[in-house]
Amino acid sequence: MALNADRGRRPREEYDVRVRACAVDWDDPATYPRSSVDFLVGSDLIYQKEIVPLLKKAVLGMLADQGSFLYVCPEGGRDGLEEFIASMARDGFRLVSKEVAPEEFKENPLSAGDDEECFLHFHELFSTTYVLYEFQKT
């Protein structure tokens, strides 16, 4: 949220009330938010191609028409990523953007700033190329 505010997209106070994290069971629509959402954010969700239909079901079930699914993942090495991207385009989504995450997104996320602790928990953060995708529901 702070990064978006810093970039001048919207004042932070607009996000403080509207952004909400929740846990959902992708296969259980009863766990989805009560009303459709304008944005879904996902990070590194695909490890096997068998999960692709389930993830798509959840995204379709939660996202409002014209809503955006923002997804970030490593550039390669994820079984099912190519299938996911292709199937999104076939099934009611438009790929709005695909870009390599800027280096500032790979900075140490720990509040204490301890680089050794960061490497222990996020060792691939500094050596992996991450890609940002935006899919819009049509």
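So the values come out like this:
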{"quantity": "Dipole magnitude of the chain about its Cα centre (Cβ charges: Lys, Arg +1; Asp, Glu -1), debye to nearest 20", "calculated": "820"}
{"quantity": "Mean separation of Cα contacts under 8 Å (6+ apart) over length of the chain, as relative contact order %", "calculated": "26"}
{"quantity": "Net +/- balance of residues flanking ALA64 in space, Cβ distance below 11 Å, scoring K and R +1, D and E -1", "calculated": "-1"}
{"quantity": "Positive dipole terminus of the chain, leading residue within VAL72, VAL131, PRO29 (C-beta point charges)", "calculated": "PRO29"}
{"quantity": "DSSP beta bridges in the range 6-136 [antiparallel fraction, %, rounded to 5]", "calculated": "70"}
{"quantity": "Net +/- balance of residues flanking THR138 in space, Cβ distance below 9 Å, scoring K and R +1, D and E -1", "calculated": "+1"}
{"quantity": "Given LYS56/LYS106; LYS98/LYS137; LYS57/LYS106, the pairs whose alpha carbons are separated by over 25 Å", "calculated": "LYS56/LYS106; LYS57/LYS106"}
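All of the numbers you see were taken from the coordinates with simple rules; none came from a lab. In this text the structure is predicted, and so the values were computed from the model without any measurement. No Cβ is skipped: glycine too gets one built from the backbone with ideal geometry, and neighbour counts run over all protein chains shown.
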